[in-house]
Amino acid sequence: MKKIQMVDLKGQYEGIKDEVNASMQEILESTAFINGPQVHDFQKELQEYLGVKHVIPCANGTDALQIAMMGLGLKPGDEVITADFTFAATVEVIALLQLTPVLVDVDPKTFNIDTEAIKRAITPNTKAIVPVHLFGQTANMDEIMKIAREHDLFVIEDNAQAIGANYHSANGNSQKAGTIGDVAATSFFPSKNLGCYGDGGAIFTNNDELAHDIRGIVNHGMYERYHHDVVGVNSRLDSFQAGVLRAKLPKLDHYNSQRQQAAEKYTSALKNVEGIETPFLEGKEDTHVYHQYTLKIKDGKRDALAKHLQEKGIPFGIYYPIPLHRQKAYLDERYNEADFPVTNMLVQEVISLPMHTELDDEQINFITSAIKEFLA
Ligand SMILES: *Cc1c(COP(=O)(O)O)cnc(C)c1O
């Protein structure tokens with residue numbers, strides 16, 4: 001059996017090696033390391049793939065979130081509602097911009113932001129909602145957009161984990177995750193579903209004016225050379241990363257379907273095992289692109305199972321072990337433990353299994369057998 005990896009970037013690289021190597025060579029010869037044609041081409045190709053008017057590449061997903069919020073003109077003191085159960089980058093940029101993060105609980109089935117909790121958290125100072133499409137499954141965007149319209153709030157989708165997922169609205173519309181709210185941020189960190197070979201990110205929007213503002217913000221607030229109209233940042237996707245992403249984008253749907261197939265195999269082996277809850281799939285299969293395949297382990301057995309997997313040489317991840325509202329950096333006396341029953345439970349129950357495009361049946365059987373053996 002091939003050694004099991006949490007993420008197998010090497011195996012995936014083998015399949016695109018010639019193309020990636022040729023692209024890297026071309027960039028080396030051209031010396032167009034910044035803003036080379038690869039960056040422009042990738043931006044166009046991603047716009048087409050997503051069906052969105054504007055993609056603005058930047059240096060990483062955290063920058064993408066920050067720049068999206070800067071572009072919307074959010075001001076210190078504005079309250080931004082987001083999920084308690086997510087990667088820290090989401091709340092970090094809110095705090096950095098001196099906006100006020102308002103963390104709310106999540107749905108126990110989907111792990112995504114609880115729309116009833118959003119409603120309860122709205123105050124006259126609320127300006128935006130940041131849903132995170134956690135682990136690859138889109139949040140309840142119908143309801144979130146409805147709440148946003150009623151209260152005149154911006155919606156910033158954190159799409160770092162769900163690129164390529166589809167969202168099916170109740171009215172029959174189907175849209176790509178990250179193209180529904182006012183603006184979205186994504187990450188091309190190597191282990192993401194569309195990952196480059198270093199850092200990268202992008203902002204998506206259908207709003208022409210916002211896209212224009214953001215294009216200036218990523219480039220030192222310049223709209224005309226050496227005229228700095230607003231305070232900006234320096235955040236660029238470099239040509240090498242764009243070259244890698246151009247080679248991978250045409251394969252993204254295939255990559256995501258390989259993840260979905262691996263997820264199906266995990267689920268069919270584990271769904272009837274006592275003490276395990278397999279991932280809940282909301283609606284159609286293509287709404288979940290399994291950035292992570294995350295189980296809930298009941299009866300306080302998660303940590304013992306983790307130890308068992310470790311002994312068997314099976315990698316796993318605990319995403320996330322501590323709720324954001326209990327992280328030192330984000331403590332806030334307004335938070336009340338009783339408002340976070342789901343996150344407080346999930347941090348004790350979740351465990352993510354190896355998930356990538358190169359998993360084979362032998363590996364999946366080995367992993368699921370080890371889990372069943374332990375829980376039997
Ligand atoms: C990865 C990730 C980010 C940040 O992306 P970077 O490119 O690492 O800065 C933000 N939000 C979520 C939910 C993520 O998973």
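Okay, here's what the table says:
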quantity	calculated
Exceeding the 20 Å Cα-Cα cut-off - candidates 265/296; 109/307; 10/44	109/307; 10/44
Most mobile listed residue (66, 261, 241) in the chain, GNM with C-alpha springs under 10 Å	261
Residue among 174, 239, 23 with the largest mean-square fluctuation in a Gaussian network model of the chain, springs linking Cα atoms under 10 Å	174
Gain in span if fully extended, residue 29 to residue 225, counting 0.36 nm per residue against the direct Cα distance	67.8 nm
Additional length obtainable on full extension of the chain from residue 208 to residue 373, 0.36 nm per residue less Cα span	53.9 nm
Candidates per chymotrypsin sites (Phe, Trp or Tyr not before Pro) in region 274-333, loop by DSSP, up to 14 other Cβ within 10 Å	280
Top positive-direction residue, dipole computed over the chain with Cβ charges, set 13, 108, 207	13
Cleavage-rule hits (chymotrypsin sites (Phe, Trp or Tyr not before Pro)) in region 170-279: DSSP loop, at most 13 neighbouring Cβ within 10 angstrom	226
Spatially proximal lysines relative to residue 312 (Cα-Cα < 16 Å; intrachain offsets below 8 disregarded)	2, 3, 372
Accessible area per residue, Å², the chain with all protein chains present, probe 1.4 Å	44 Å²
Residue 151 paired with residue 191, simple spin-label distance in nm, labels 7 Å along Cα-to-beta-carbon	3.3 nm
Extension gain, residue 336 back to residue 170 (0.36 nm per residue minus Cα-Cα distance, nm)	56.4 nm
About the Cα centre, charge dipole magnitude for the chain (Lys/Arg +1, Asp/Glu -1 at Cβ), debye	520 debye
The chain - mean residue ellipticity at 222 nm from DSSP helices (-39,500 (n - 2.57) per run, n ≥ 4, rounded to 500)	-11500 deg cm²/dmol
Residue of 295, 237, 96 that the Gaussian network model of the chain assigns the largest fluctuation, springs spanning Cα pairs under 10 Å	96
Accessible area of region 316-376 belonging to carbon and sulfur atoms, whole % at 1.4 Å probe	51 percent
Highest average packing first - 127-135, 86-94, 335-343, Cβ atoms within 10 Å	127-135, 86-94, 335-343
Proportion of all alpha-carbon pairs of the chain beyond 29 Å (%)	42 percent
Backbone N under 15 Å from the residue 9 label point (7 Å along Cα→Cβ), restricted to region 45-75	60-61
Per residue Cα convex hull volume in Å³ - calculated over region 192-306	184 Å³
Largest to smallest principal axis extent of the C-alpha atoms in region 252-375, angstrom	49, 33, 25
Dipole magnitude of region 252-375 about its Cα centre (Cβ charges: Lys, Arg +1; Asp, Glu -1), debye to nearest 20	320 debye
Candidate aspartates and glutamates for bridging to residue 328, where Cα separation is under 16 Å - those fewer than 8 sequence places away on the same chain excluded	84, 92, 337
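The values are calculated or read from the model by the stated rules, or taken from the named source; none is laboratory data. The model shown is predicted, which means the values in this text are computed figures rather than measured ones. Note that each Cβ is placed from the backbone with ideal geometry, even for glycine, and that neighbours are counted across all protein chains shown. Each accessible area value is taken on the protein alone, full model and side chains, heavy atoms only, with ligands, DNA and RNA left out. Shrake-Rupley method; radii C 1.70, N 1.55, O 1.52, S 1.80 Å.
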